[in-house]
Amino acid sequence: MATVPWDGAIPELLREHLGAAVLDTHLYVDQPFAVLTLAAMLPALELLHAEADFDYLVDITAVDYPKRECRFDLVYIVYSHSRNQRVRLKAQVPANQKPLSAVPIFLGANWLEREVFDMFGIEFAGHPNLTRILMPDEWSGFPLRKDYGIIQMDNTWVKNNLGIESGQ
Amino acid sequence: MTTSPDANELVLNMGPQHPSTHGVLRIVLKLDGERVKSTECIIGYLHRGVEKIAENRTYVQFAPYVDRMDYLAAVSNGLGYCLAVEKLMNSVAPPRAQAVRVILTELNRIASHLLWLGTHALDIGAITPLFYTLREREEVLKIFENYCGARLTTHAFRIGGLQYELYEGFEQQVNAFCDQFPAKVDEYEELLGGNRIWRERLRGVGVLDAATCKRYGVTGPMLRAAGVPWDLRKAQPYSGYEQYEFEVPTRSSGDTLDRYFVRLDEMRQSVRIVRQAVANIPTGPIMAKIAKVIKPPVGEAYVSIEAPKGELGYFIVSDGSTHPYRLRVRPPSFVNLQALDHMAKGALVADVVAIIGTIDIVLGEVDR
């Protein structure tokens with residue numbers, strides 16, 4: 001299956017306001033997605049929220065590509081109730097750059113960003129309370145990174161808190 | 001129990017072992033007398049790393065794991081997963097499989113709402129309804145058991161369709177359930193909704209208006225109780241939902257009482273859908289023609305369904321191999337629970353229990 005170009009009001013709106021920061025707009029299996037630079041991500045969310053009525057942040061997540069120069073893909077899914085349309089925005093996260101928190105636009109981003117931080121170690125600048133959410137606070141390591149093994153764990157934490165040598 | 005620098009503020013730890021938290025949810029309540037100033041949810045006690053496991057299993061092997069997230073709506077979880085993988089493979093389940101999927105998923109919605117109703121009432125102090133709701137839920141679980149051998153973690157569907165043909169007497173059993181069930185819903189409504197104590201206990205508690213719902217990303221019955229008639233089965237139909245006639249029940253005030261009414265109405269609508277579906281199950285194959293080894297082409301897709309608790313989504317990245325490169329679950333309970341702080345602020349301590357109940361969380365899904 002191949003991607004097909006995505007035309008319409010939304011990609012035009014993005015290109016008009018963000019110009020060259022919009023790297024790619026395509027459809028894959030009928031699902032629209034836009035690839036942006038990381039710096040343009042928050043402006044794009046703001047724009048879609050204010051101008052195109054994308055009022056519901058469905059999800060934020062990340063994908064780890066350890067061999068790539070910019071290791072992580074950050075993925076935002078937004079939905080517009082009035083348009084009944086769902087759009088996916090993606091950006092690569094350069095090593096020296098922190099993504100901005102989307103909490104000022106969507107309150108629901110709070111826990112979603114905390115989970116991305118917890119699992120991938122991506123820090124969001126301006127987040128009100130960027131702490132681990134699913135893993136214990138003192139845990140070291142980020143489980144959803146590709147170099148974190150499936151049975152790997154923080155043995156020190158396990159020893160100190162559970163009083164056993166290993167959880168396996 | 002400790003006191004903090006503000007002499008009037010009391011910090012109270014609720015859970016993780018607490019009967020009203022429906023699992024292992026810990027909430028740190030900051031109180032001023034009987035009033036809640038703020039709440040902080042501490043979650044993760046049931047974290048099993050489902051998304052990590054997915055990367056280390058084949059697509060087929062991972063399917064049973066999704067049942068263990070929202071274990072009260074295992075069928076919905078399975079449907080969402082199968083649809084997501086099918087989307088990546090560009091295949092569609094045959095009509096017969098789609099109809100059976102709809103029947104089982106709607107029955108599961110009823111079962112999930114029934115357990116919610118019973119435990120929610122129990123939390124608030126009405127003990128009796130739980131026995132009635134469990135009695136009706138049992139009938140649904142019997143159908144699941146007859147169909148696939150399991151009652152709770154059903155693993156009823158397969159990627160591409162169904163594993164099993166229907167058993168003899170399936171239609172009769174489902175119809176028998178549909179015949180007797182609506183009267184039972186009326187009975188619950190009489191027992192609870194007609195009860196002044198119940199109404200006064202829930203009215204105006206945990207109000208969440210439509211705008212706030214959207215800002216938090218809250219979906220499902222909570223959003224509909226705030227007056228937004230948004231249901232993925234209508235907005236973006238999947239698995240043939242566009243063929244069935246049903247309404248999306250809504251209420252307007254977005255409080256705990258309205259959420260109770262919305263869920264009751266949803267059970268009635270589910271019966272309506274099941275009746276239509278079971279009357280016209282198409283004949284034909286139950287599996288689409290898909291490869292024995294499932295290897296979706298390189299690409300990514302997000303597919304979501306209307307689970308009993310809200311929008312349940314799967315975002316899968318395929319690298320063309322037999323294992324998902326990345327599988328993300330967008331759990332409705334996790335996102336909806338985030339609104340707890342907003343709902344509980346200014347409420348009485350005793351109402352916190354009602355507010356947790358009304359969100360309808362399953363910690364297995366919150367923590368994954």
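Each value in this text was obtained by applying a stated rule to the coordinates, not by laboratory testing. Because the structure is a prediction, the values reported are computed rather than measured. Here the Cβ positions follow ideal geometry from the backbone for every residue, glycine too, while neighbour counts run over all protein chains shown.
Just a few scattered comments:
- Take the Kirkwood radius over Cα pairs of chain B, plug it into Stokes-Einstein at 4 °C and 1.567 mPa s, and you get 61 µm²/s for translational diffusion.
- Cα gyration tensor, the protein assembly as shown - rounded (a/c under 1.5), prolate or oblate: rounded
- Distance in nm between pseudo-label sites at A:Asn161 and A:Glu12 (7 Å out along the Cβ direction from Cα): 5.3
- Within straight-line cross-link reach of B:Lys30, aspartates and glutamates at Cα separation under 19 Å, skipping those fewer than 8 residues along the same chain: B:Asp6, B:Glu9, B:Glu40, B:Asp341, B:Asp351
- Segments B:344-356, A:17-29 sorted - mean Cβ within 10 Å per residue, highest first: B:344-356, A:17-29
- Taking the centroid of alpha carbons for each part, the range B:290-368 and the range A:127-168 are 22 Å apart.
- Charge tally in the Cβ shell below 10 Å around B:Asp32, where Lys, Arg are +1 and Asp, Glu are -1, B:Asp32 excluded: 0
- Out-of-range pairs (alpha-carbon distance over 19 Å; input B:Lys87/B:Lys309; B:Lys52/B:Lys309; B:Lys214/B:Lys309; A:Lys90/B:Lys309; B:Lys37/B:Lys214): B:Lys87/B:Lys309; B:Lys52/B:Lys309; A:Lys90/B:Lys309; B:Lys37/B:Lys214
- For chain A, modelled as a GNM whose springs connect Cα atoms under 10 angstrom apart, the maximal fluctuation among A:Asp59, A:Asp30, A:Asp118 occurs at A:Asp30.
- Förster radius 41 Å - calculated FRET efficiency between A:Ala95 and B:Asp209 (Cβ-Cβ, nearest 0.05): 0.45
- Subtracting the Cα-Cα distance of A:Ala50 and A:Leu27 from 0.36 nm times their residue separation leaves 6.0 nm of extension gain.
- Among the residues of B:332-344, the average count of other protein chain beta-carbon atoms within 10 Å of the residue beta-carbon is 2.
- In loop segments of the range A:24-81 as defined by DSSP, the trypsin sites (Lys or Arg not before Pro) with at most 15 further C-beta atoms inside 10 Å of their C-beta are A:Lys67, A:Arg68.
- Cα centroid separation, the range B:75-129 to the range B:37-58 (Å): 21
- Folded to 0 to 90 degrees: helix B:349-359 orientation relative to chain B principal axis, Cα: 10
- Amide hydrogen neighbours beyond the local backbone of B:Arg26, cut-off 5 Å, H modeled: B:Ile42
- Estimated purely from DSSP H runs of n ≥ 4, each contributing -39500 (n - 2.57), the mean residue ellipticity at 222 nm for the protein assembly as shown is -12500 deg cm²/dmol once divided by its residues.
- Rounded to the nearest whole Hz, the Karplus-based 3J(HN,Hα) values (6.51 cos²θ - 1.76 cosθ + 1.60, θ = phi - 60°) of the range B:28-40 follow the sequence 9, 9, 9, 10, 10, x, 8, 8, 7, 8, 7, 10, 9, with x at glycine and proline.
- The value of relative contact order for the range A:44-117, using C-alpha pairs under 8 Å at least six residues apart, is 30 percent.
- Relative contact order, percent, the range B:2-42 [alpha-carbon distance under 8 Å, six or more residues apart]: 31
- Aspartates and glutamates with Cα under 13 Å of A:Lys98, excluding same-chain neighbours fewer than 8 positions away: A:Asp73, A:Glu113, A:Glu123
- Structural descriptor for chain B: relative contact order 26 percent, calculated from alpha carbon pairs under 8 angstrom and at least 6 residues apart.
- Within straight-line reach of B:Lys292, meaning a Cα separation under 16 Å, sit the following aspartates and glutamates at least 8 residues removed in sequence or on another chain: B:Glu86.
- GNM flexibility winner over chain B from B:Val262, B:Val85, B:Val293 (Cα, springs under 10 Å): B:Val293
- Couplings for the range B:134-143, taken from phi via the Karplus curve 6.51 cos²θ - 1.76 cosθ + 1.60 with θ = phi - 60°, read 5, 4, 6, 4, 4, 4, 5, 5, 5, 4 Hz in order; Gly and Pro are left as x.
- Shape call, the range B:105-247: gyration tensor on alpha carbons, a/c limit 1.5: oblate
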